[in-house]
Structure formats: C-alpha cells, structure tokens
Amino acid sequence: MSMPKKLALLVLLLPLVAFEALAAKVSPSSLTMVPGQKSTVAVSSVSGSLTLTNSNAQVASAVLSGNKIQVTANAVGSANLSVKDKKGTVTVKVTVKPAMTVSPTSLTLAVNQKATLTISNPSGTIRVSNSDTSKVATSLSGSTITVTGKAAGTATLTIKDSLTTRKVPVQVTSSSGGPITGTTEGRLLASNCFQCHGTYGSGGFEKLLGETEAEIYEELVEYQEDPDFSTDIMAAHVQGYTDAQLRAIAKYLAKP
Amino acid sequence: MNRRQFLEALSLSSLGFMALPSLVRADEEDIASALFPVPTYTGISGTIVIVGGGMAGVTLAKYLRLWGGTGVKVTLIEKAPSYTSNIMSNKVLTGQMTLADLNYVYDTLKNHYGVQVVSGTVTGIDSGDQTVALAGGASYGYDRLVLAPGLEFDLLDGMEDAKEYDTDIPHAWQAGLQTQLLRDQLLELKSGARSGDVVITIPKAPYRCPPGPYERACVVADWQYQNNLSSQVIVLDANADILVERDNFTAAFNGAHGYTVDYRPGCKDLKIVDVMSRTVSYVDVDNKKQNVTAGVLNPIPPQRAPQWLADAKLYNPDAEERSVPVNVLSYESTRVPLVHVIGDASLTTQPKAGHIGNQQAKTCADAILRLLQNQPLDPAPVTNSACYTPITATTATWLSAVYQYDAKTGTMFIPSQHNGGGAISTSEPSTDNYKDMQVWFKTLMADTFT
C-alpha cells in the first residue's frame, strides 16, 4: 500500500474518531441502587460547562458537584440523569429496586431446634456467612435460610446480595421449653417490679431502693414459701419466678 | 385459675399453715414519683418511632430513653392531646371519679425524657423505605417502628353507624366521652327520666381487660343498690362462662349483688334490634331466641387491631386474624421486619390490658436496644399481669399472673410453679384490697407517665 492511500484512510477516519470524543463520558453509565443508598457518577472529557437534568427526583435525587454527580436513591422506580455539555448529552440510567430484607431480624432457638429466615427482594446472588458454625448451622435454598441450633451460645449471620447487607443475631439456648432454667438479664427481669414498687423500686407499695441484695432476696423467698398465697398479692406474684430469677432480681434492685 | 386449681389453693390454705404477718403497705401519699435522669450517650444510637400514646407506647418511650440514653432518638406520634386511663374508668360510672381524674399528659415524656411528641394521625407505613406517613404529608424515618395503637371496635349486627355508640348506646370501652354519656344515662335512671334495666353485653374473648365487664356489672349493681333503684343489671355474655376470677365474680353475682345482677352466659348471635328503643336480641344457651329491651344499653363490641395495621399486612383479617402476630422476645412482627407491635393490638397468649402492656413495652425496649447493637435478644423475658377489681364502692379483689417464655412454642405461658399454670386471685373481696387498689393504680401510672 502506498503512502497517499494510507493518508486518505486516516483523513476519512479522523472526523469519526473526533466526533466520538466530543460527548462527555460518565462512569458508571448506569446504576442499580436500593432506597437510601448513595452513589457517585464521575464525568470526564467535559467540554465547557455541564448541566444535569433529572427525569424523576422522587426516585433518585442527583446533585452535580464539579465533575461528579452525587446520587441518592429515594424510592423504587427508575430515573434518567442527563448530563449535557457543549458538545452533547449523555444519559445515566438509575434503577432503584426494593432493598433485600430478612425476616425475622433476629432469632432465638434451642439446641436442635430449626427456624427459617425468609429473604425478600434479593438482587443477584445471595451469600450467607456465619460467625460461629459450632453454635449454628445454616443452609440456603432459594430465598429461605434454614437455621439449626447446634450448641448454646451466639452467632451472627451476615446475609448479602449485590446491594444490601443484613446481619441477623442468633441466640441458641440450652433449654428447650419446660421449666425455666435460662439466665435472664437482671434489669429487664427486675422491671417487672416497677409497676407496683415504682421505677427502679422508688416506691409505691414497699420502697425497694436502698435495700441490700440479701434483704430483697430473703423477703422474696419468704413470700414464695407462703402457703396461703391467695391472701397476699406479692405472695401470689412471686410464685411465678425461679430461684435463679429471684437472685437476679435482688442483685439488680440492690444496685439498679 | 380454673375451679380445680382454686380448690387446690383453698385446701392448701385451709391446712392451717401459719400465714405471714400482714405486710406493710404504703399509704397513697408515700408513692414516690422519682424522676431518673436520661443517661448521656451510652454507645447506642438509633431512631425509633412509636405510634400510640397509651400505656404501652408511653412506657416504651420512657424506657428507651432511660435505658438507651440520649443517642436513642424517640418520636411518639399520638392523635389525642392527652391520655384518658381505661383503668378505673368504671369508677366514673358510679361518680367516684371524674374523667379529669383519669387524664394523663405527655409533659414529662417531652420535657424530662426528651421524647419528641408529635400530634398526628398515621396514614400508612412504608416498610421498604422505613418511613411512616402522617395525614398532612409529614413523614418520619425509622430504624425501628413500634405500633401501640390499641384496638378498634366492630359495629354490632343491626347497627348502621359507629356514631350510635357516641350518641345512644355507649360501649365506653375506651374511656372518654362515651364513659360520661353512660354515667349520664345511669343518672337518668336515678332521676326517673328513663326506666328499665341496665344491659351489658360481653364479646367473645379475647377483648381488652378480661375482668372489666364483670367489674362493671358489679359496680353498677352496687351503685343501683346504694341509690335504692329497683332496676337490674342484665349481663349477656357471649362466652360460655365467666372468664377470669370466676369464683369471686360468681360469689358477687350470687351474693352481694344477687338481687341485682342477672348473669346470662353463652349468649349467641347478639343483634341490636333497635337503637332508639335499646332493644337487643340473642340466642340463649337453650338455642331459643330472646329479646331484651334495656333502660340503659351498654354493648361492649368485639375489638380488633386498627384496620391500617391490616392494610400494612401486619395481620390478615381474611384469615380470621384480629390482631398482630409477633415474636414475644422482641414484639417484632413475624410478617413485616423492623416493625414491632405491643399492647392490646398484638396477638399473644397474654391478656390485653394496661399493666401487662407496660411490661411488654419494657421487653420491647430491651430488645430494640440490643438489636441496635447487633446483640442477641434476652432469651427468657418475663412479663406479669396484675389487676385490682372493685366489687363494690369499698371492696375489691385482685388477680395476678406471671408469664415465662417457652422456647419450644415461642409463646409466653404461666409456669407450673405458679399455681399449676394458672392465674391467682384473692380469696375474697376486702376493704384492704380496695386501699391497695389505689396504690397499685397510682404506682402503675407513675411508672408509665412519670
């Protein structure tokens, strides 16, 4: 091939290449988001000043800042963000999908008990990770995770799709029903006293604030041993607690 | 408590064990209304929106701040400017209390606990967006939403408009203007401006405050007796028997109020035949249709969680559900994540009443604070129900039950160590119980509103 022919080809191609280079470039050129998520689109190869037009601000809000578009997803739907410069217009398509949810958001189960977590609105592949496989076993099938308690303790399951991460705390209890043996946190347990003895035992029927752990525990036991519990509401009430619970209550109320 | 458990309790107590010395009780004046400070940032942060300013909603708002500290932002949405207590509202009927005595405001919640109290009506929730919308266009975002909306009242068969409850046949099952109307109608019986019997109808359980209708029959009967009225209180109960404190109410209906109360269990197909003449019909236990015309008609309607909760898919009326299934470790809906329901609108094995609504709220507060920190829930929460019931103007009974969590069934149950798994009630009404009732009420309201 002779030189003039090569040149002629170049001359022919140049306008095309030059035209392609004229419009601004956006990266990424489309976005898939969930409500509440924020993202940034970079604009490059800009000629002159940029203007931004948003076809649906209810779905996504977009703010142009320098050569960046900050996008916030507001509601499910789609919006086109059109970026115009001196040489042309380029469009970023924003698709807002419902966020993946996992129900329930926490689990408590006994050893060998099974429970299921249901995933709604997943995007792409679902991945499940388990912080402690000695406590909990998991298996994913479609959009359902079966969780089995293996040993008493806690684990956190992390469920991810392409857009959202959800954490589900799991508590495995040693008890599987029957008599109450589980330990309970003193504060919540002792708050059962507050309706009649005031917040933190500050008074109503007998004031409990200021009593020692031993005093409170001994009184509770005295009531619990009262055979004639239908003549005194406190004697009746205390029948429903285990000894471990009474000790936890006394310990908490002595130092709320 | 069932009959067998009651008899066991009786035989146990009649063996002659020495009773405990009578215990020191506080006088009403001693009830502390101590205010405890909201701790500064505890490391927990979150935005919680509560809908409903009754017993459960207010307790939750208070305890989220008291236990969670200033990092937990709490907004409470309520349409009324203040709360009127349902508890003790039967005493308005007898003139022993006024509605003003039962009025509780949200000032301490706002000014001391730093809860944002918003006056408004919810129009819907968006569980994907995690927002709740109010009439007028405002919208609040949440990390966790807790609904404590109470109950809505069905129209009874034969009725055309719920306004008939406001103008002619008050149910007065939510304290307020209908309570005053019922009081005024009773006064007309006394003045002779109207005549006839008082008819109280009781819906099939579950309904709000299980002993409440029987209590109302007792105190109205006592008021009629005290005022030398010859009219009766006819109780048309859709249930097959008295639901709670059976022995105490049976004794009252046959003894103290034996001439005044006409208790009819197992009444089916209740219908309001005519609102103006206060005529109802029902099918009795022998399957015979009966008509009763009342001087004062007080129909207590069936109750269910408000319709907008069904619209939000929290419960399904098409599947015969009337309240919201929840996980009782957290009161989170089993259907809609991040939305919790406490108090009367939740579906649990526990009674629908203010005292236990207060404790459900504390369980929910503890659960939400743990969830905000990605911690597991308390695996064994305990709740309790207690109530005092006036039988006359000077005597009262009480009922107590403690609920533990059964991990196998995921429900709350009364454990066997508590009277064989049943509630416990006092062996007889007394004036001491009546005094204790005032202490209980004031302390419960202080734990909720102060």
Legend entry - The lone exception for residue A:62 - which of (1) touching a residue at least 40 places away in the same chain (Cβ under 8 Å); (2) away from every other protein chain (no Cβ under 14 Å); (3) surrounded by 19 or more Cβ atoms within 10 Å (Cβ to Cβ) it fails: (1)
Legend entry - Top-ranked residue in the stretch A:215-232 [being within 42 Å of the chain's Cα centre (by Cα) and not β-branched (Val, Ile, Thr); ranked as farthest from the other protein chains (Cβ to nearest Cβ)]: A:217
Legend entry - Unique match (being surrounded by 16 or more Cβ atoms within 10 Å (Cβ to Cβ) and within 14 Å of chain B (Cβ to nearest Cβ)) among A:83, A:172: A:172
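Condition check ((1) in the same structural domain as residue B:386 (by TED's automatic domain parsing); (2) of a type in the set (D, E, K, R); (3) over 30 Å from residue B:361 (Cα atoms)) across all residues:
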site	(1), (2), (3)
B:146	yes, no, no
B:166	no, yes, yes
B:172	no, no, no
B:185	no, no, yes
B:196	no, no, yes
B:209	no, no, no
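Yes/no matrix, rows are residues, columns are (1) under 14 Å from residue A:236 (Cβ atoms); (2) assigned by TED's automatic domain parsing to the domain that holds residue B:380; (3) of a type in the set (Ser, Thr, Tyr); (4) buried (at least 18 other Cβ atoms within 10 Å of the Cβ):
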{"residue": "B:398", "(1), (2), (3), (4)": "yes, yes, no, yes"}
{"residue": "B:408", "(1), (2), (3), (4)": "no, yes, no, no"}
{"residue": "B:412", "(1), (2), (3), (4)": "no, yes, no, yes"}
{"residue": "B:431", "(1), (2), (3), (4)": "no, yes, yes, no"}
Inset, instruction - Go over the candidates B:63, B:83 one by one and state the one that is among the aromatic types (Phe, Trp, Tyr) and either modelled with pLDDT under 90 or in contact with a Gly (Cβ under 6 Å, 6 or more places away or on another chain) (or both). - result: B:83
Inset, instruction - Go through the residues of the stretch B:238-249 one by one and say whether even a single one is modelled with pLDDT of 95 or more, crowded, with 16+ Cβ neighbours inside 10 Å, farther than 20 Å from residue B:428 by Cβ and not charged (D, E, K, R). - result: yes
Inset, instruction - Identify all residues within the stretch B:356-382 that are within 7 Å of chain A (Cβ to nearest Cβ) and either of a type in the set (A, V, I, L, M, F, W, C) or surrounded by fewer than 24 Cβ atoms within 10 Å (Cβ to Cβ) (or both); write none if there are none. - result: B:371, B:374, B:375, B:376, B:377, B:378, B:379, B:380, B:382
Legend entry - Any hit, the stretch B:87-101, residues being farther than 20 Å from residue B:332 by Cα, within 14 Å of chain A (Cβ to nearest Cβ) and part of a loop (DSSP other than H, G, I, E, B): yes
Legend entry - Selection from the stretch B:64-86 of residues that are among the polar types (S, T, N, Q), outside any strand (DSSP E or B) and more than 18 Å from the chain's Cα centre (by Cα): B:70
Inset, instruction - Among the numbered conditions (1) touching a helix residue (DSSP H, G or I) at 6+ places or on another chain (Cβ under 7 Å); (2) in a loop (DSSP other than H, G, I, E, B), tell me where residue B:124 comes up short. - result: (2)
Legend entry - Single condition residue B:441 does not satisfy, out of (1) at the interface with chain A (Cβ under 7 Å from one of its Cβ atoms); (2) farther than 16 Å from residue B:349 by Cα: (1)
Inset, instruction - Check the stretch A:78-93 and report whether any residue there is within 15 Å of residue A:40 (Cβ to Cβ) and either in the same structural domain as residue A:164 (by TED's automatic domain parsing) or under 19 Å from the mean Cα position of the chain (by Cα) (or both). - result: no
Legend entry - Residues located in the stretch B:343-355, provided they are out of contact with any strand residue (DSSP E or B) (no Cβ under 6 Å at 6 or more places or on another chain) and within 11 Å of another protein chain (Cβ to nearest Cβ): B:354
Legend entry - Residue selected from the stretch B:414-429 under the condition surrounded by 20 or more Cβ atoms within 10 Å (Cβ to Cβ) and free of Cβ contacts under 8 Å to residues at least 24 places away in the same chain, by the criterion nearest to the other protein chains (Cβ to nearest Cβ): B:418
Legend entry - Qualifying positions in the stretch B:329-342 - touching a Pro at 6+ places or on another chain (Cβ under 9 Å), more than 10 Å from every other protein chain (Cβ to nearest Cβ) and assigned to a loop (DSSP other than H, G, I, E, B): none
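Listed here are the residues, each with its yes/no results for (1) touching a strand residue (DSSP E or B) at 6+ places or on another chain (Cβ under 7 Å); (2) β-branched (Val, Ile, Thr); (3) closer than 19 Å to residue B:341 by Cα.
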site: B:105; (1), (2), (3): no, yes, no
site: B:108; (1), (2), (3): no, yes, no
site: B:114; (1), (2), (3): no, no, no
site: B:121; (1), (2), (3): yes, yes, yes
site: B:130; (1), (2), (3): yes, no, yes
site: B:137; (1), (2), (3): no, no, no
site: B:150; (1), (2), (3): no, no, yes
site: B:159; (1), (2), (3): yes, no, no
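The values are calculated or read from the model by the stated rules, or taken from the named source; none is laboratory data. Computed from a predicted structure; not experimentally measured. All Cβ positions, even for glycine, are placed from backbone atoms using ideal geometry, and neighbour counts span all protein chains on display.
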